[in-house]
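Q: Can you keep this structure in mind? I'll have questions shortly.
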Amino acid sequence: MIEKLLGWLDASTCNFLAVETIKKELDAAGFTELRQEDAWNIKTGGKHYVVKNGSALMAFIAGEDKAGDNAFRIVSAHSDSPCFKIKPNAEIYGDGGVVSLNVEKYGGGILYTWFDRPLSMSGRVMLDSGDVLNPEMKVFDLKRAVATIPHLAIHFNREVNEGNKLSVQKDMKPVIGYFSQEEIAEAKQHGGFVKKIVANHLGISPEDIIDYEINLYPLEPAGICGAEGEYFQSARIDDLSMAFAGLEALLAAADKPAKDTRVLAVFDNEETGSGTKQGAHSPLLRDLLERLVTCLGGTREDFFRSVAKSFMVSADDAHAWHPNYNEKSDPTNHPVIGGGPVIKINANCKYMTDAQGSAVFKNLCRKAGVPCQMFVNHSDVAGGSTLGNILTKQLDLKGVDMGAAIWAMHSARETAGVSDHIDIVKVFTEFFS
C-alpha cells in the first residue's frame, strides 16, 4: 500500500495531475465520468465521478436504499498544496544571459525549504479548440529539473542562521539557465522561455498556448526513511495522503453493496481559503448530492432527510509532536507519528469536530482495530481551519475533522508515518463498508 502511495504522490505534482491520478484509478475500477452540463442517468449501486475545473473531483457509489431513507457517507480532502506559481510574462533577464522567473507564492509554504533543490514544472495550458468559450486544456509534467532557487552564500550573510527574513519577490526567484543574446531574442519572439519549454515538451508551438497555470515542484521522489522504515517523506503529503487514503478505501468498497451513498470529495484551493468554484466554499458538493437524490427519484424533501442522517470525515493532516519543540504542543493532547489517526478539536470552532463527531470516529477506529489520538492547539497558539467547518456552511452535516500526524507541514518535503497511513485507510474502509 505504501509503495502505491509513493507512486501516486510522485505522479501528482500539481492539483490537476492529482485529479488525473484519481481519475485513472476510478476508471480502472469501473467508475464512469459524469459532466455537469449533461443529463445524468444514475441507478442504485452506480459508480460515477464528476470533475470540476480539472482540479476537483467528486466520486460516489449510489446507495441501495430508497432516496431519503439512506444517508451520505463522505470523506473530503483537497488536491492543492503550497508551491510557487509562475506568473505571466515570467522571464527576468540578468547579467551574463541568466534568466530567472517571476513567481508568486501559493498558500503558506515554508519558503527556505525550497532553496537549492532541483525544481520541475507541471500544470496546464489552454489551447484554441475552435470554440471561443471552451478552450482545450492540456495537463503536463516536465519530470525533469529545469530550475533552482539558489541560496545566498553564508559569506554574504553571516547572520543567516540567526534568522533570515525572506521576500518572495526578491529572494525566491528560480533560475532556469543562461542563454545567448540570440537565444533570448528568439524566445521573446515566441512568448518567452516558459512557453517555449512547455511547448517543446507537448510537441506544439509556443504560439498555440493562450494561457497557462504552471507551478514549480521539487523533483526529489517520495521515499521511505527511519531506522525501521517507519516514516515516508514527500512533497504534498498535506493533503494528497488523505485524498489517496479516501480513494484507497472507496476502491476497496466499490464492489460491496451498501444502503448509504459513499462519497469521496476532493476539493481544490483549500490552501488559499477554498473560495473558488472548485473549492469547499462553493455549492459543488451540495449540488452534486441534491442532483443525485433527484436522479434516483427522490424529492427535495428526501435530500434534506438524507443530509440529516449523513456524516462527513473531513480529512486534512495534523501537526505531530516535534521532539525539538515540545513547547509548541498542548501538554496533554499532542499526537505522535505512528500513534494512529488524529481527531482535531478547537474550542473556537475552527474545526467541525464536536463530542458527537469525535465519538463516531472513535467508534470507527475501535471497529477497525486501530488506535486514535487527539490534537488540540497549545492554548497560546492560534489554530488554523480546514474543509469541515467550511462545508457546514453549505450542508447541515454531522462530522469530524481528522488527519495523520506529520512533521514540517507545508515544507517542500514533509514527513508522515507509514503505520498511520495504513490505519487511516482501515478506518475509511470501515466507514465506507
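The values are calculated or read from the model by the stated rules, or taken from the named source; none is laboratory data. In this text the structure is predicted, and so the values were computed from the model without any measurement. Using ideal geometry, Cβ is built from the backbone for each residue, glycine included, and neighbour counts are taken over all protein chains shown. These accessible areas exclude ligands, DNA and RNA; they are computed on the full protein's heavy atoms, side chains included. Shrake-Rupley method; radii C 1.70, N 1.55, O 1.52, S 1.80 Å.
Q: Projected onto the charge dipole of segment 278-433 (+1 at Lys/Arg Cβ, -1 at Asp/Glu Cβ, origin at the Cα centre), which of 369, 347, 296 gives the Cα projection farthest towards the positive end?
A: Checking the options against the dipole of segment 278-433, the answer is 296.
Q: A further question follows. Pull the list of the chain cysteines that no other Cys approaches to under 4.7 Å, Cβ to Cβ.
A: 14, 83, 225, 295, 349
Q: In addition: Would you mind calculating the relative contact order of the chain from Cα pairs under 8 angstrom and at least 6 residues apart, reporting the percent as a whole number?
A: 23
Q: Using Stokes-Einstein with the Kirkwood hydrodynamic radius over Cα pairs, what translational diffusion coefficient do you get for the chain at 25 °C and a viscosity of 0.890 mPa s, in µm²/s rounded to a whole number? Show your work: numbers first, answer last.
A: Values: Rh = 22.9 Å.
Taking Rh from Cα pairs, D becomes 107 µm²/s.
Q: Carbon and sulfur: what percent of segment 1-135's accessible surface (1.4 Å probe)? Show your work: numbers first, answer last.
A: Working: 2630 of 5470 Å².
Exposed carbon and sulfur together represent 48 percent of the surface.
Q: Probe radius 1.4 Å, ligands and nucleic acids ignored: give me the carbon and sulfur share of the accessible area of segment 208-341 as a rounded percent.
A: Carbon with sulfur: 51 percent of the solvent-accessible area.
Q: Taking Cα centroids, how far is segment 215-235 from segment 86-111 in Å?
A: Value for the Cα centre distance between the two parts: 25 Å.
Q: Okay, moving on. Among residues other than residue 77 whose Cβ falls under 9 Å from its Cβ, what is the net charge (Lys/Arg +1, Asp/Glu -1)?
A: -3
Q: Calculate, for the chain, the solvent-accessible area per residue in square angstrom, rolling a 1.4 angstrom probe over the heavy atoms of the protein chains.
A: 44
Q: Count charges around residue 88 for me, please; just the other residues with Cβ under 11 Å from its Cβ, Lys/Arg as +1, Asp/Glu as -1.
A: It works out to a net charge of -1.
Q: Among 405, 151, 125, which residue has its Cα positioned farthest towards the positive end of the charge dipole of the chain, with +1 placed on the Cβ of Lys and Arg, -1 on the Cβ of Asp and Glu, and the dipole taken about the Cα centre?
A: About the Cα centre, the residue reaching furthest to the positive side is 405.
Q: Return the percentage of antiparallel bridges among DSSP beta bridges fully within the chain, rounded to the nearest 5 %.
A: Within the chain, antiparallel bridges account for around 70 percent of the total.
Q: Something else now. What percent does the relative contact order of segment 182-330 come to when contacts are Cα pairs within less than 8 Å and at least six residues apart?
A: Relative contact order for segment 182-330 comes out at 11 percent.
Q: Just the accessible area for residue 393, please: 1.4 Å probe, Å², rounded to the nearest 10?
A: 150
Q: Another question about this same structure. Considering every pair of different Cα atoms, what Kirkwood radius, in Å, is found for segment 51-95?
A: 15.5
Q: May I pose another question? In whole Hz, with x marking every Gly and Pro, tabulate ³J(HN,Hα) for segment 407-424 from phi via Karplus 6.51 cos²θ - 1.76 cosθ + 1.60, θ = phi - 60°.
A: These are the phi-based 3J(HN,Hα) values: 9, 6, 4, 6, 6, 5, 8, 9, 10, 9, x, 4, 5, 4, 5, 4, 5, 5 Hz.
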